[in-house]
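The values are calculated or read from the model by the stated rules, or taken from the named source; none is laboratory data. Treat the numbers as computed from the prediction; the structure is a model and nothing was measured. Glycine gets a Cβ as well: all are built from the backbone with ideal geometry, and neighbour counts include every protein chain shown. When the accessible area is computed, the model is the full protein with side chains, heavy atoms only, and any ligands, DNA or RNA have been set aside. Shrake-Rupley method; radii C 1.70, N 1.55, O 1.52, S 1.80 Å.
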Amino acid sequence: MTAQTESVISQFDVIAASDPQVAEIIRLEQQRQDDTLELIASENHTSPAVMAATGSCMTNKYCEGYVGKRYYSGCALYDDVERLAIERVTKLFGCKYANVQPHSGANANTAAFVATLEPGDTFSSIVLSEGGHLTHGSPVNISGKWFKPVHYPLVYDQARDDFGHIDYDAVLEVCKQHKPKLLICGYSAYPRTIDFAKFREAADSCGAVLMADIAHIAGLVAAGVHPSPFPHCDIVTTTTHKTLRGPRGGLIMTNDEELSKKIDRAVFPGIQGGPLMHVVAAKAVAFGEALNPGFKTYCQKIVTNAAALAKALMDLGYTLTSRGTDNHLMVMDFRKSHPDLTGKIAALWLEQAGIITSKSTIPQDDRSPFQTSGVRLGTPALTTRGLGEADMAVVADLIHRVISSGGDETQLAQILEEVRSVAQRFPMPH
Ligand code: DSN
C-alpha cells in the first residue's frame, strides 16, 4: 500500500464515520484515479503531503490582507506559511515578487488585467479555439466582456500543411497596428517552446506590458526544461496544480516592484476576499518539493514521455498539431485520419476504456468547442505514476485500438481491462 493510498484511507475513515455518502464518493474517485490512465494535459496527482496540507486545520482561518498586514487576529502562523511559500516560489522561478493568494489561474489572470488595464483597453493574445485560454479574451469571460482582445494568429507551415506554430511576425504586426496595453503569451493547447524574447521585442514595439501565462508549463520552467519567461516578461501568471504538481490554485510573479504592488491590490481587495490559507500552505509544500533535485528529473521525464507518445502516435498514422511536441502535451487532429470522428466522441470512447483525455479544438477547426476535431493529451500524471518512455508505445497502442474500435462496446470493455492492469502496475506516488 502506498503512502498516498494510506493517507487517503485514513482521511476516508474520518469522513466515513461522519458522512458515509460523501466518503463513498471519495472512495470511488480514488478507485477511478487508481484504475485509469490520466492523460488530461492540465491534471496531475499531487503528493500525500500536498493533499494533507490542503486538508489541514489551516482551512479554519480568515486572513484578508498580506504578511504582517492582516485584518484579523491570530494570523502569525499564516504569515509564516505565506512568507515561506513566497520565499520558495521566488527562488524556484528566479524572480523578486510573488502573490500566492489567487484561488485559481483564472483569478490570477483577472487580477493581472485589473492591475494593468482599464475597462475598454486593448490587449492581445491567441484565441481560445487555437490553443489560448478562456481568460485571454473569450467573449463569454470577463476578459472579453470588459476589455478588447485582438488575437494574433498561428502561422501556416506549407511544407507540413500545419497551423501549429506561433506567427511571431504577426505578433509584431498586431502590436504595431493595434498598440495593445497588454500582450499575453502562454497557452492551454500549444505543444511548442515559447520564444519569450521575441514576445519582448513585440511588446517593446508598442510599450505593452508583457504577460506570460505559464499555467501549463510552470513545472517545466521551474525545472529548467522550458526557457524561463524571466527576465523577458513583466508579469507571469500560473496555476499550481498542472506540471508544478501542487494543490489547485493560482500564482502571480513579477520582478517589478510597482507592478507587484498593483498586483497585490488587484488580488486583494480587488477581486478576492480571504485567501485559502490551507491551499497557500499546500503551495508552500509543493514549491518545496519542486526545489528538490528530483523535480528536474521528473520534468525531464514528462517531456521525454511526451516526445515518445507523440512519435508512437504519428508512427501509427495520427496527425498531431504542429506535427509533434516540445513540452508535456500534444493535440491529435482527426481531420485527416478520421474525418467523421469528433473530439467529443473520441474522448468518450477513450473514457469508456479508462483513458482520460480532453476534447480540443485544433487550429482552423470548423467544429464547435462542444464537438471539436481533436483530443489533447499530456504526460504529467502518467509520469508521476512512474510510466516511462517504453510504456508510451503501449499507451499509444491502447489509444489506437480505442479509435480503431469505432466505439464497439465489447472491444472497449476488453481495452478497459488492459488499461486497468497497466494502471495497477504503476501505483500512486508516495
Ligand atoms: N482548464 C485548463 C486546461 O485544461 O488547460 C486551463 O485552465
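Some observations on this one:
- Euclidean distance between Cα centres, region 52-99 to region 109-126, Å: 26
- Accessible surface area normalised per residue over region 7-68 is 52 Å², counting heavy atoms of protein chains with a 1.4 Å rolling probe.
- Simple spin-label estimate for TYR72 and LEU316 gives 5.0 nm between the two label positions (7 Å along the Cα-to-Cβ direction from each Cα).
- For the cross-link pairs LYS61/LYS262; LYS69/LYS283; LYS198/LYS311; LYS91/LYS179; LYS242/LYS359; LYS176/LYS261, the ones whose C-alpha atoms lie over 23 Å apart are LYS61/LYS262; LYS198/LYS311; LYS91/LYS179; LYS176/LYS261.
- Taking all Cα-Cα distances within region 21-130, those exceeding 22 Å account for 56%.
- Among the chymotrypsin sites (Phe, Trp or Tyr not before Pro) within region 68-104, those in coil by DSSP and having at most 12 neighbouring Cβ atoms inside 10 Å are TYR72.
- Of the residues CYS185, CYS206, ranked by 1.4 Å probe accessible area with the largest first, the sequence reads CYS206, CYS185.
- Of all DSSP beta bridges in region 29-172, antiparallel share, percent nearest 5: 55
- The residues of region 254-347 expose, per residue, 38 Å² of accessible area to a 1.4 Å probe.
- Cα-derived Rg over Rh, computed across the chain with Rh taken as Kirkwood radius: 0.97
- Of the beta bridges in the chain, as assigned by DSSP with both residues counted there, near 60 percent are antiparallel.
- Of the chymotrypsin sites (Phe, Trp or Tyr not before Pro) found in region 237-330, no site is in coil according to DSSP while having at most 12 other Cβ atoms within 10 Å of its Cβ.
- Cα-derived Rg over Rh, computed across region 197-252 with Rh taken as Kirkwood radius: 1.03
- Choice from ALA307, ALA197, ALA16 showing the highest fluctuation, given a GNM over the chain with Cα pairs closer than 10 Å: ALA16
- Whole-percent carbon and sulfur share, accessible surface of the chain, 1.4 Å: 54
- Whole-angstrom gap from region 25-48 to region 228-258, using each part's C-alpha centre: 25
- Prolate/oblate/rounded label for region 241-287 (Cα gyration tensor, a/c 1.5): oblate
- Rounded to the nearest 0.05, the FRET efficiency derived from the C-beta distance between VAL14 and LYS176 at R0 = 60 Å is 0.50.
- Considering only ARG265, ARG27, ARG192, the mean-square fluctuation computed in a Gaussian network model of the chain, springs between alpha carbons under 10 angstrom, is largest for ARG27.
- GNM remark for the chain: springs join alpha carbons under 10 Å apart, and the peak mean-square fluctuation among TYR152, TYR66, TYR190 falls on TYR66.
- Cβ-derived FRET efficiency at R0 56 Å, GLU118 paired with GLN424, nearest 0.05: 0.55
- Average accessible surface area per residue within region 166-239, 1.4 Å rolling probe, Å²: 32
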